[in-house]
1. Which of these, B:A82, B:A113, B:A37, has the largest mean-square fluctuation under a Gaussian network model of chain B (Cα springs below 10 Å)?
2. Using each residue's phi in segment B:59-66, evaluate 6.51 cos²θ - 1.76 cosθ + 1.60 at θ = phi - 60° and report the 3J(HN,Hα) Karplus result to the nearest Hz, with x for Gly and Pro.
3. State the answer as a single residue: which of B:P229, B:L218, B:A115 lies farthest towards the positive end of the charge dipole of segment B:94-232, with beta carbon charges of +1 for Lys and Arg and -1 for Asp and Glu, about the Cα centre.
4. Packing-wise, with mean Cβ within 10 Å as the measure, how do B:72-79, B:385-392 rank, highest first?
5. Can you tell me what the convex hull of the Cα atoms of the protein assembly as shown projects to on average, as an area in nm²?
6. Could you pull out every residue, at least 5 positions away or on a different chain, whose amide H is within less than 5 Å of the one on A:R31? Hs are placed 1.01 Å off N in the peptide plane, and Pro or chain starts have none.
7. At 7 Å along the Cα-to-beta-carbon direction for both B:Q408 and B:N147, put a label point, then send me their distance in nm to one decimal.
8. Across the Cα atoms of segment A:54-140, what radius of gyration and what greatest pairwise Cα-Cα distance (Dmax) are found, in Å?
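Read-outs throughout are calculated quantities, based only on the coordinates presented, and are distinct from any laboratory measurement. Values in this document were obtained by computation on a predicted structure and should not be read as measured data. Backbone-built Cβ (ideal geometry, glycine too); neighbour counts: all protein chains shown.
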Amino acid sequence: MTAALLAAEGITKRLGEGVTLVSDISLTVTRGEFIAITGPSGSGKSSLLYLLGLLDRPSAGRVLLEGTDTALLSGQDLAALRLARLGFVFQFHFLLPEFSALDNVLIPIRRRGVLKPEAAVARAMALLDALGLADAAAKLPEQLSGGMRQRVAIARALANDPVLLLADEPTGNLDTRNAAAVFDIFARLAAEEGRAVLVVTHDADLARRATRRIHLVDGRIVSDETGMPDMRR
Amino acid sequence: MRLILDLARGMLSRRRRQTLVSVLGVALGVAFFIAIASLMRGFQTYFVQQVIDVQPHIVIKDETRSPLPQAAELATPDGAVAINGVKPRDRVRGIRAPGDKLAMLEAIPGASAAAILTGAALLRYGSRDVTITVTGIEPAAYARVANLQKDMIHGRLEDLRSAANGLIIGQALATRLGVQMGDSVIAVSPRGVSLQMKIVGIFHTGLVTLDQSAGYALLKVNQTLQDRPNVVNQILLRLADVTQAEPLARQIEARFGDRTESWEEQNANILTVFIIQNAIMYSVTGAILLVAAFGIYNIISTVVFEKTRDIAILKSLGFTEGDIQRLFLVQGMIAGLLGAVLGCVLGQLMIEGLGQVRFGTQTPAGTDRFLMAHDWRIFAVASFFAVASAAFAAVIPARRAARLDPVQVVRGAA
């Protein structure tokens, strides 16, 4: 078994008095895993994802990313970690409407500032190309179809080669075909490139394609099964 | 940071019309500031130029700034002394030891000094009487401290020496008396001395008070007329560097004890008006810029409100609060900067336009137009305030943007 990429230790998230979104969850994510988090609405699956993705801080418990206790880090350090190690995809693509697909993918690369401009453009183009978007690079988001936009958003999430990709209902706005395509991409990313992918979805069919399925009810894990992905539609 | 700039530009370019309106607001504020400031500065500079051109820069008078202390006050410095009915001592007025003082003043680098005696006299010609102030001068010395020679329309200052009792008067006075060059008038002083004087020169300064009631004679002649032999009651000083007038005046007064006034003090009433003028100008243009700042606040607030999703995604991508705050501050400053540039152009056009205006009146100073200052510092100040107020206006919405919680936004959008 590979070393833990991400570990949650008894994390709880409360909103004010009496409202508990996530309740005492512990789990470990290793490289190569493609995890689907499912559950009825209000079961806390998105909240769990935000906690694991360092967008939110737990009320209790702690999250360790590659062995680092993130509870001890400042907001700036967390932002730096998100920039370098994590990638997010949301239900809505959230592309900046004023910028072309290429520029959107370039934003996190430029923010990180490790690559030289030419290398950054080359990397962004390679990402778009890998997702079948080479022709769409110069187009504005409004000129793209819903599926293409979501793929651009995935390319942007992968811009800084994250170890962990987190997706919150990434297929919520897509038709079945595009949704399946997105899940194929996730499966490939997890399997081929040795990172981990965490996807929140309410679509049980799609969830079956993941290597591990976590089911939440009322902020608690009720089942956590690992198995070969079910390739049936 | 290039990326922040690119993002800011992209966000602003989407709201072109709104951006244009707020940029125009700033531009108008800047332009009005530049135009009004140039107008006022131009006039004030012209006025000051006239003053320091015509008047002596420092005047030393034969009086003290405060009355001499009484013996009773000196004896009990801490006591509550009230003295009533003091009769001033009847001392001979005039600056003491003027020769020594003149020598000392002339030794100051860049300074020229001239001693004069002023006094009232009644001019009588035919049946007409006019009271004037006669100034007794040494033509050569006086020419170095005051610019009367350039206002002479007949004769020269030096001509005072050519006649026994020469007198130079203003053109308005000459007309009033009905005298011409070479005519003789009777001058009677308050001390009862009466002299027959010959008009050897006529001047026209444009200043009514001077043209109607001033006369110049030789110092010796006026000393005779005033019955104050060997007395001078003012020393006039002209400096190479007028900005030194006030500190130098204070030094001289401390040294000699005579009341010494710089040109600033002598024109304090008008210079005070200038200060009030400037205060009014700055408040008015400040108000325009304030309104412009509200426009910028408005557009940045709108952008922040509309861009909540973009802000959320940027934060989830790893942008810090500082990045986000800078992103919107930069947008405000871009608007401010564009406004400043446009305002400078507009302001220059307004200056050119105002410079074309003619009043069609002949003012004594000989100007019938706005005197515009062309000073890059006015442009710099206006631009600086525009950008600063724009940045200031953007701070509040920028901070709000920075504190936005991405989780809340993403949740709301999902």
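1. Result for chain B, Cα springs under 10 Å: B:A82 fluctuates most.
2. Once rounded to whole Hz, the list reads 10, 9, 10, 8, 8, 9, 5, 10.
3. Ranked along the dipole, the leading option is B:P229.
4. Numbers: B:72-79: 9.4, B:385-392: 22.2.
Final packing ranking: B:385-392, B:72-79.
5. Numbers: hull surface 188.8 nm².
With every direction weighted equally, the projected area is 47.2 nm².
6. Hits under the 5 Å cutoff: A:L5.
7. For B:Q408 paired with B:N147, the spin-label model returns 6.8 nm.
8. 15.7, 47
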